[in-house]
1. With the Cα gyration tensor of the range 117-249 in hand, convert its eigenvalues to equivalent ellipsoid semi-axes via √(5λ) and list them largest first in whole Å.
2. Report the calculated FRET efficiency for residue 15 and residue 265 (r = Cβ-Cβ distance, R0 = 35 Å), to the nearest 0.05.
3. Order by neighbour count: 210, 150, 318, fewest other Cβ atoms within 10 Å first, most last.
4. Give me the angle, in degrees from 0 to 90, between the Cα long axis of helix 39-49 and the longest principal axis of the Cα atoms of the chain, rounded to the nearest 10.
5. Once label points are set 7 Å from the Cα along Cα→Cβ at both residue 56 and residue 210, what is their separation, rounded to one decimal in nm?
6. Given the range 12-123, what whole percent of its Cα pairs are spread farther than 25 Å?
7. Taking Cα atoms, how many degrees apart are the long axis of helix 274-298 and the longest axis of the chain, rounded to 10 and kept between 0 and 90?
8. When each pair of different Cα atoms in the range 15-332 is counted once in the 1/r mean, what is the Kirkwood radius in angstroms, to one decimal?
């Protein structure tokens, strides 16, 4: 009985921080539905505005739990949005283009980070975020990178940058496609292969036509599927470079990544009812939104303001790189 009481007390210690993060997340979703801006951006800004809450010992442990573990739940549930059939439906040429686009964007990010005097891990974080699926990729990659005092700051900067650029792209890229006289298939591929966040791809695609929206969303989901192999490659590199003389454990495969793969396999093998996949999508979205709110609460705004223009310039160049690459390759797909 005493053990149960102890466990309940331990669990209750997390509730204030989780509850505050959830309230901020709900506020962000409300603002997003009324003003049309990304919920993740609202969550981040509201979280930063309420960063004083993180100084309260009663909330600190729950905010940390939300930023780390609920985040991983949200990423894992992304697996139910993808099936192996999505990967084969695109054709090998489109698949090859997406692989090249994602890999080259990550490489460009790391090279430019070194040239700008930034850490390569920041280039990896931003390149993966731009190349794969925006804020979701940023949080997943950040979760497996070695933790440091700059980790939260870098993740926050990346999320702000890719969400803002993705919103701009949602408005500008359909105009670019029309100016270049791209046909429906080319427009769908361009939007799905270059815009960072899924929600913005949906917004851009359906602003052109229903068919364009369907194809652009499918293309984007194939990019989301690259999240697992990219994170696995990062873990492999970390494991190969791990120094056995240093403290800590050898990096292993995180449970959320295993869950992502298992759920993706289930969705590929079993014809799940739409109510299940829709519910999983909603839960995943809410988990990611409140996790970003928690990351915002943990942020140090003063520290962010000292990073300068180089990180923003890096994100802009990565965004322009993947857009230019896809446009140049469209005639050959």
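1. Numbers: eigenvalues 227, 43, 21 Å².
Each semi-axis is √(5λ); the values are 34, 15, 10 Å.
2. E between residue 15 and residue 265, to the nearest 0.05, is 0.55.
3. Values: 210 9, 150 14, 318 28.
So the residues, fewest neighbours to most, are 210, 150, 318.
4. Roughly 40 degrees between the two axes.
5. It works out to 4.8 nm between the two label points.
6. Details: 3197 of 6216 pairs.
Percentage above 25 Å: 51.
7. The helix 274-298 is inclined about 60 degrees to the chain.
8. Numbers: mean 1/r = 0.0506 Å⁻¹.
About 19.8 Å for the range 15-332.
A short reminder: the numbers here are calculations on the coordinates, not readings from a lab. Computed from a predicted model, the values in this text were never measured in an experiment. A quick note on method: Cβ atoms are made from the backbone with ideal geometry, for glycine too, and the neighbour counts reach across all protein chains shown.
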